[in-house]
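**Student:** Before I ask anything, let me first share the structure, which is written out below as structure tokens.
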Amino acid sequence: MVPKGSLEPKKYHGARTAEALAEFVNQEGGTRVKIATVPFNVIVLTSDNFDEVVLDKSKDVLVEFYAPWCGHCKALAPTYEKVARAFKLEEHVVIANIDADKYKDLAEKYGVSGYPTLKFFPKRNKDGEEHDGGRDLDDFVTFINEKSGTSRDAKGQLWSKAGTVAVLEELVKEFVIAGESEKKAIFDQLEQEVEKLEGSAARYGKIYVKSAKSCMEKGADYAKNEIIRLEHILAKSISPAKADEFTRKKNILSIFT
């Protein structure tokens, strides 16, 4: 930067972030430039919240241990933010990072010796397993989907199988082709299987039961008509959370058609 009234450039030694650069320009030029806040979906960890977030047994947590001066970390940041954005509606998935250069004790605790290091902390095992796979957006999305049982693409959209539960599909197929006298017995089996499910599968299982019950009460065309109704709703401007809810229901209903 060349200050006004001087021919001598002044070298900038600060961080290469928009906020830091704006602060430098404001100080040197007497301006009051403000940087617009950019939505940030990556959860920022510190020594104060690390255990609360990462060791939560109801969450699958991916943590990037980074250093502010690390070039590879800076290059990864935009992709990592897209990963967080893709899974932001998944209540049991957390994409987080921590400044390991600042919180060296936590880095040492989890065996971090280079940057960036990515550790995955699944619900049932909080020891932290190192993610040493690819670091493109699609690589991360595939990794999370496999580890957490989610069904997202790189844009955060749900797949056509989202919400479906494999162990219930055969029963539904039997239910669809069964005669009226047999449907009740299969429905009872369906309820029993749903009672064995846990977590999100149990939640989706309730949609199976409700759909089967509606098919018995309203006839064979119920599923097809309900899918049409949901598609009309999805074509409108609705919240992402509602869109997810209706998409999962539509996916489950498609098994009943």
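**Student:** So how many Å³ per residue does the convex hull of the Cα atoms of the stretch 95-149 work out to?
**Tutor:** Dividing the Cα hull volume of the stretch 95-149 by its residue count gives 88 Å³.
**Student:** Right, something else. Excluding ligands, DNA and RNA, what is the solvent-accessible area per residue of the chain at a probe of 1.4 Å, expressed in Å²?
**Tutor:** On a per-residue basis, 61 Å².
**Student:** Which helices of the chain meet both criteria: a Cα extent of 15 Å or more along the helical axis and a mean Kyte-Doolittle score no lower than -1.0, with helices taken as whole DSSP H segments?
**Tutor:** 18-29, 71-86, 137-148, 166-177, 199-218, 222-234, 240-255
**Student:** Using alpha-carbon pairs under 8 Å, 6+ residues apart, how would you state the relative contact order of the stretch 154-205 in percent?
**Tutor:** Rounded, it is 40 percent for the stretch 154-205.
**Student:** May I pose another question? Hey, could you pull the Cα Rg and Dmax for the stretch 120-257, both in Å?
**Tutor:** Here Rg and the maximum Cα pair distance are 17.5, 54 Å.
**Student:** Which Cys residues of the chain have no other Cys Cβ less than 4.7 Å away and so no disulfide-compatible partner by this rule?
**Tutor:** Flagged as lacking a Cys partner: Cys215.
**Student:** Then there is this: Where in the stretch 111-137 is the amide nitrogen less than 20 Å from a point lying 7 Å along the Cα-to-Cβ axis of Asp56?
**Tutor:** Zone members listed by number: 119-129.
**Student:** Let me ask something else. Debye calculation, C-alpha points only, no solvent: report log10 I(q)/I(0) for the stretch 126-167 at q = 0.13, 0.16, 0.25 Å⁻¹, in the same order as the q values.
**Tutor:** Here the Debye-derived log intensity ratios amount to -0.33, -0.49, -0.91.
**Student:** Please compute the volume of the convex hull spanned by the alpha-carbon atoms of the chain and report it per residue in Å³.
**Tutor:** Taking only Cα atoms, the chain has a hull volume of 158 Å³ per residue.
**Student:** Now for a separate question. Can you tell me the mean projection area, over all orientations, of the convex hull of the stretch 181-257's alpha carbons? Units nm², please.
**Tutor:** 5.3 nm²
**Student:** Now for a different question. If packing is taken as the average count of other Cβ atoms within 10 Å, what order do 56-68, 221-233 fall into, highest mean first?
**Tutor:** With the highest mean Cβ count within 10 Å placed first, the list reads 56-68, 221-233.
**Student:** Going Cα to Cα from Lys184, which lysines come in below 24 Å? Please leave out same-chain ones fewer than 8 positions away.
**Tutor:** Lys184 reaches Lys173, Lys196, Lys206, Lys210, Lys213, Lys218, Lys224, Lys249, Lys250.
**Student:** At 1.4 Å probe size, with the rest of the protein present, what percent of the exposed accessible area of the stretch 23-149 is carbon and sulfur atoms?
**Tutor:** 48 percent
**Student:** Can you list the equivalent-ellipsoid semi-axes of the stretch 51-170, largest first and in whole Å, using the square root of 5 times each Cα gyration tensor eigenvalue?
**Tutor:** Value: 27, 17, 11 Å, ordered largest first.
**Student:** To continue, here is another question. Over the Cα atoms of the stretch 56-125, each weighted equally, I'd like the Debye log10 I(q)/I(0) at q = 0.14, 0.15, 0.23 Å⁻¹, rounded to two decimals.
**Tutor:** Debye intensities relative to I(0), on a log10 scale: -0.44, -0.50, -1.04.
**Student:** At a Cα cut-off below 29 Å, give the lysines reachable from Lys104, other chains included and same-chain residues fewer than 8 away excluded.
**Tutor:** In chain and number order, the partners are Lys57, Lys59, Lys74, Lys82, Lys88, Lys119, Lys123, Lys126, Lys147.
**Student:** For the chain, what relative contact order do you get, as a whole percent, if you take Cα pairs closer than 8 Å and at least 6 residues apart?
**Tutor:** So the answer I get is 15 percent.
**Student:** Please report the Cα spread of the stretch 141-211 along all three principal axes, rounded to whole Å, starting with the longest.
**Tutor:** 45, 22, 16
**Student:** How many percent of all Cα-Cα pairs in the stretch 178-218 sit more than 14 Å apart?
**Tutor:** Here the long-distance tail beyond 14 Å is 45 percent of all Cα pairs in the stretch 178-218.
**Student:** Assuming R0 = 25 Å, what is the FRET efficiency of Val44 and Lys109, from their Cβ-Cβ distance, to the nearest 0.05?
**Tutor:** Using R0 = 25 Å, I get an efficiency of 0.85.
The values are calculated or read from the model by the stated rules, or taken from the named source; none is laboratory data. None of these values were measured; they are calculated from a predicted model. Cβ atoms come from the backbone with ideal geometry, glycine included; neighbour counts cover every protein chain shown. Side chains included, ligands, DNA and RNA excluded: accessible areas come from the protein's heavy atoms. Shrake-Rupley method; radii C 1.70, N 1.55, O 1.52, S 1.80 Å.
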